[in-house]
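Participant: First the structure, which I've put down as structure tokens, then a few questions once you've had a look.
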Amino acid sequence: MKIIKNLLASVALLSLIGCGSSSEEDSALVIPSYNAPTDTVCENNSQDIEWVKLLSADAEKLSEYKLFQSQCNPTANPNTRGLPYDLAIPLFSDYTSKYRFIFVPENEKVDYVENEVFEFPVGSVISKTFSMPATTDERGYLVENVIETRLLIRKSTGWVARAYVWDNDKLDATRTREGASVPTVLGHGEDIIAFEYGVPTQSDCTECHKFKINDSETLFTPIGPKARYLNSNYEYSEGVLTNQIEKWVSEGLLDAATVPAAESREQAKTFNDYIDVDSIPPSEVEDFAKGWLDINCAHCHRTAGTASNTAFKASSVDAFQGYCEVPVSGAGTGALVILPGNAEGSLVYQRLNTTDAGFSMPPIGRSAIHKEGTELVARWINSLSAPTCN
Amino acid sequence: MKINNQLKLAAAVAAGMVLVGCGSDDEATSSSINPDKLFNCEAVTTSPRTICIGSADELTSARVQSDLINALATSQTGDTFVFPQGRYSLSTTISFQGQNEDTVSVSDLTFKGAGMDLTIFDVSNSSADGFKIEDTDNITFEDFGVYESNNNAIKVIGSDGVIMRRIATVWETDYQETNGAYGLYPVESENILIEDCFVQGSADAGVYVGQSNNIVVRNTTAIKNVAGIEIENSTNADVYDNIARGNTGGILIFDLPIGNGKYGSDVRVFNNIVDANNAPNFAAGCSEEQIANDSCFEGGVHIVPPGTGMIVLSTSNVEIYENTITDNQTAAIAITSYMMADDTVASAPSQNVGGADTSEGAETAVLDYSNISKFADKFLDGWSPFVNGISMHDNTLSVADGINAPEGKLIQFLIDGYKEFQSSLGIITSNENAKLPTILYDGIGEMLAVTPNPDGAGESIMHAIAAGTDQVAAGLFGAVDAGAIPQPDDQNDMVLKQIPDITPFTGALYSVDASSVCQSNNGVNGVTVTAASVFHTTPSADNFNGTEPLAKVEIGGAAALTGDIGTAFTQANAMLDDDSMTCTTPYVGAAAVVTIDGMDYGCGEDDTTSEFCAP
């Protein structure tokens, strides 16, 4: 097996230079095994969600909100009215499994919105749990290390974010504002990857979820629940795939009056780590790659995002920018943002294909290289024959 | 004058730079800057609040980091966060995005330490910036140091009102490419005051103010950075009473083609000490491959010539006066158009372009502005590659004997030209370094801006290039049926970028006037220094060989130069035959005024005592 030690390797190297006393060996990496807790407090128990408590957004323990039937398991069995969902292309988070749920109060409905995030009624909650498998070949709550559950809560004044880190005994999760660093060893295909999984700080949440209305006003918004990502299938019951937008309508979560006809709904390509990059037809590589860049980069790299001052715009809603562009400042290598036909010479690829602190992108939320997504972007850039940049 | 204090500080920090071995306490450090831990803060719980970071009985790095993040998450407008004395290692970027955890907008925050060498944040374990503060107005940083950032030390984006006062940003290993980028880094902001700060070791710029306006940088010491102090794509800036020493380049005023409508002008640089900026350029440069396939961004800091006191690159309306710029081994002041960074800026636009049709046999499709010319969108965005309105006067300039050794990417072409010329005259041997004028000016931008387009109606060559770009783009705009504009997910969506963005071209940017680049009364003890342009700045048919511009020496050779060409380096052999850089009405700048929370800062505002505030 090939060993990729990323951050740990560089830390070890530094300490070697500093003190010459470490004896770090490559063979130290062992894939761990994880087991779900079996404590009696984990038993399923259908209850009413604590909607009022949620609006105060002040619980110290995740279980206080009673979002899930089992207080130990935020990956399944939501209480009423919660529904799991997925995105056609997920944002990469160090190969964690992500378990997403939308909770909407009784008698309230979500409005369909073109291009941007759906309009959610006050009281809505989005729960996303990040859970690390031992190897990416085998996923699921029973064999994963549940790390954190992030909530977005729609208050009357707007969305707020709350992050809960799972306690060591995995029976409940505790609120954090400071984030956390979780040393991780992960098997992925032929590789064993070691890195520090980072739970974001409170302010990190805002950095990605900020939407600039204009020069002086910003909103906090969710990123994922947009029509183009939800217009895809989900396996609500075993072996049965249902379009998520249809499901939201039939469950009464989405206001049917706001939903356009099926053929008029936007749709992103479906891409995840189980889709072989080689299987993507050349004519569709661009759409897949831009879809991947959209979900992974465009919350900042768009006119309304925090990286609006850069020469890279990746949103499928705005005009794409980056071909032959010079980086604005502080981007280092002298490379152009995207050099058509040459991924290695493109800053976008360089900054995805690294874990170097200060150079890797996105700047928060990624400690491992997303091999598949990065490969997809590389193929796309290499496929561009278009203009020379001079 | 506070410069003496700054000098002492610089010396003290430099003296303290002996590396120690592995520390044995709980927070090992390779630095000798390791002040005693001390808690000295009294909380105030009524607005405006004072929030103490750490406590009298707990002053660990973990506690300090935890307290600070929690304080920011629960912040209110007007809060002051007081840091304890001591050196603390942070493991994450201290980020604030203008909102607290209840997404309420928060402004008027102050971060305050015990002193720039008494409260130190070692951020080498953070993944990116030390502090990253966005979208909050009236932000103040005072009295602390940020060391060893993997990226920038303190970055502020999108703020109106930024004060950085007695802040140190330091990378302690000299000339190391892996040092972080910027020390003090306000960008896309306005009303910025940087004073009494210390910046050392940045692999880019120690102080970098970018894409901003209303800026004062004063009483600040910058040493051993690639660029000491850099004002880039910014307007209304005063840079005064600073020391830039031991950098690759001392003070840089740049205006780069960045394509977001933010371009620089109106900068005054005065009463600074800019000496011995002879460090190697240790910024990451372009790879061999990038250079070979011409995909290198030529405006990066890696082009800064070692041994340059000041550089003005394609920025107009800059007044440089009463500075002491000495012992820089390439040139005291270099003034260049963007042609020196990338001469393709003067390439004629391609007429051989069509619409969005990419089918075989169609005219070359315009997939991007770059099909028209590399800089087409930047011209249309309002950028000019020229310098105009540069006035340098009353500066004390010298290149010390024995250290003359000009080098550097940005001006290598000029250096090579001088060397060839001086060798041919026997002024130097082929083994000797070229002798450059103390004030070096390329002149080629001015030449292109004053020379009429041979086929034109009186417009200049550069105007014709930019206007031609505009015409091609406008023609394309007219030719592409609106209904045929590709949608974002189409293969040709690059077209979209340029269709809606055409800004009417204004020719004013592409002309220069008689006060283009002026110098007077510069030198030491009344001896006027050499100052010369390499290209003729008055129009003449002789200036070109076909379309190839010719330097003065190429046109006339040694014999055509007037004056007494001896073996000494004089104005005459500095190619000074038609351009004394003297002007009747040189540019006069105005004081920059920084307004923060109702208070005005700058010359004649809070500062009524500094010399030379008035030009």
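Participant: Go through A:112-120, A:149-157 and give me the packing order, highest mean Cβ count within 10 Å leading.
Facilitator: A:149-157, A:112-120
Participant: Shifting gears a bit: What list of ³J(HN,Hα) couplings, whole Hz, do you get for segment A:218-233 from phi and the Karplus terms 6.51, -1.76, 1.60, once you set θ to phi - 60° and write x for glycine and proline?
Facilitator: Once rounded to whole Hz, the list reads 10, 10, 9, 9, x, 10, x, x, 10, 3, 5, 8, 8, 7, 8, 8.
Participant: Counting only other chains, what is the mean number of Cβ atoms within 10 angstrom of the Cβ of each residue in peptide A:200-212?
Facilitator: 6
Participant: With each pseudo-label sitting 7 Å past Cα toward Cβ, what's the residue B:614-residue B:37 distance in nm, one decimal?
Facilitator: Distance between the two pseudo-spin positions: 5.4 nm.
Participant: Report ³J(HN,Hα) in whole Hz for each residue of segment B:422-433, in order, from the Karplus equation J = 6.51 cos²θ - 1.76 cosθ + 1.60 where θ = phi - 60°; Gly and Pro get x.
Facilitator: Karplus-based 3J(HN,Hα) across segment B:422-433 equals 5, 5, 5, 8, x, 6, 10, 8, 5, 8, 8, 6 Hz.
Participant: Further question: Hey, got the average number of other protein chain Cβ atoms within 10 angstrom for residues in A:316-326?
Facilitator: Shielding by partners across A:316-326 averages 6.
Participant: Using per-residue counts of other Cβ atoms within 10 Å, averaged over each peptide, order B:449-461, A:217-229 from highest down.
Facilitator: By packing density, highest mean first, the sequence is A:217-229, B:449-461.
Participant: Kindly state, to the nearest 0.05, the FRET efficiency for residue A:138 paired with residue B:176, given R0 = 35 Å and r defined as their beta-carbon distance.
Facilitator: 0.20
Participant: Check the straight Cα-Cα distances from residue A:109 and name the aspartates and glutamates below 17 Å, setting aside those fewer than 8 residues away within the same chain.
Facilitator: The qualifying aspartates and glutamates are A:119, A:246, A:251, A:255.
Participant: Starting from the Cα of residue A:237, step 7 Å along the direction of its Cβ; do the same at residue A:80; then give the gap between the two resulting points in nm.
Facilitator: Computed distance between label sites residue A:237 and residue A:80 equals 1.8 nm.
Participant: Please list the non-local residues whose amide H lies under 5 Å from the amide H of residue B:89, H modeled 1.01 Å from N, same-chain partners needing a gap of 5 or more.
Facilitator: Close amide H contacts, sequence-distant or interchain: B:61, B:122.
Participant: Nearest 5 percent is fine: what portion of the DSSP beta bridges confined to chain A is antiparallel?
Facilitator: 90 percent
Participant: Residue A:45 versus residue B:63, label points 7 Å from Cα toward the beta carbon: distance in nm?
Facilitator: Rounded to a tenth, the inter-label distance reads 3.8 nm.
Participant: Would you mind telling me the share, in percent, of accessible area of segment A:229-372 contributed by carbon and sulfur at probe 1.4 angstrom?
Facilitator: Taking all protein chains in place, segment A:229-372 shows 50 percent carbon and sulfur surface.
Participant: Using a Cα-Cα cut-off of under 16 Å, which lysines could be cross-linked to residue B:409, ignoring same-chain neighbours fewer than 8 residues away?
Facilitator: Hits, sequence-local ones excluded: B:419.
Participant: Karplus couplings for segment B:448-464 from phi (6.51 cos²θ - 1.76 cosθ + 1.60, θ = phi - 60°), rounded to Hz, Gly and Pro as x?
Facilitator: Going residue by residue, I get 5, 7, 9, 8, x, 4, x, 9, x, 10, x, 6, 6, 4, 5, 4, 5 Hz, with x marking Gly and Pro.
Participant: Shifting gears a bit: Quantify how strongly other chains surround peptide A:353-359 by giving the mean number of their Cβ atoms within 10 Å of each of its Cβ atoms.
Facilitator: Mean shielding by partner chains, rounded to a whole number: 5.
Participant: Just subtract the alpha-carbon distance of residue B:548 and residue B:459 from 0.36 nm times their residue separation and send over the number in nm, one decimal.
Facilitator: The residue B:548-residue B:459 span can extend by a further 30.2 nm.
The values are calculated or read from the model by the stated rules, or taken from the named source; none is laboratory data. Values in this document were obtained by computation on a predicted structure and should not be read as measured data. We place every Cβ from the backbone using ideal geometry, glycine too, and count neighbours over all the protein chains shown. To get the accessible areas, we keep the full protein, side chains included, count just its heavy atoms, and leave off ligands, DNA and RNA. Shrake-Rupley method; radii C 1.70, N 1.55, O 1.52, S 1.80 Å.
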